[in-house]
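The block underneath contains the structure these notes are about, expressed in C-alpha cells.
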C-alpha cells in the first residue's frame, strides 16, 4: 500500500498531474450531479416512493440545520446537503473493488476544508457585510484579533486532520488485515469502516454548520451593534 501522503499521477493534463483520487472525485461529482438531475426531473404533488425518500432526506438535513444553527435552513440546505452527500459517497466508494476513497488522501480533505473556510467567510459577509464580518475578529476586544484569526485557521486544519486520519486509518487497517488474514476475516472491519465513514461525513457537515452559524451570528450581532451606535 502506498503512503497516504503521496499520490501517483495516472496521467497529465498539460503540466498538471491527475491522480486516482482526483479521477474518483470527478466520478463521484458526475454521479451525484446526474443522479440529482434524474431523480428530481419529474417531481409531483403525489410523491412516488423515490420522491418520498428524497423528501425525507431533505427534511432530515433541514432539521439538522435548524437544530445546529437555529436558523431557517433554505439558505444553507444546498451547501450542507451537498457537502454531506459528497463525503458520505466518497467514504463509501471503497465498496467498489479497486477504488480507494478520495478522502483517504490529504489533498481531498484539505480541499473540502478550504471550501468550508470560504463558505464561512461568504455566509459571514452576507449576514453582516464585510465590515461586520471583519469586526467579529475584534470580539470581545481588539487584542483578540490575532487569536481569533488563528482560531479560524486551526479549526480548518482540524477538519483536515479529523477526516483524513479516520478515513485513512480505516483503509489502512482493512488493507493490512486483508493481506494477512484473507478475504472473509476483514468483513467486520470493513463494516466498521463504512460506519466510521458515515459518522465522519455527519461530523464534518455538523462542524461546518457550527462554524458558519458562528460567523453569521457574530456578523448579525456586529451589524446590530453598529446600527445602534449610529442611531445614538
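Please treat every number below as a calculation from the coordinates, not as lab data. All values reported here derive from a predicted model rather than from experimental measurement. Note: ideal-geometry Cβ built from the backbone for every residue, glycine included; neighbour counts use all protein chains shown.
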Next on the checklist: Starting from 0.36 nm per residue, how many nanometres of slack lie between residue 162 and residue 210 once their C-alpha separation is accounted for?
Outcome noted: 15.7 nm
Item to check | Among 36-42, 85-91, the order from most to least packed when residues are scored by Cβ within 10 Å on average | outcome: 85-91, 36-42
Next on the checklist: I need the peptides 54-63, 125-134 ranked by packing, meaning the mean over residues of other C-beta atoms within 10 angstrom, with the highest value on top.
Outcome noted: 125-134, 54-63
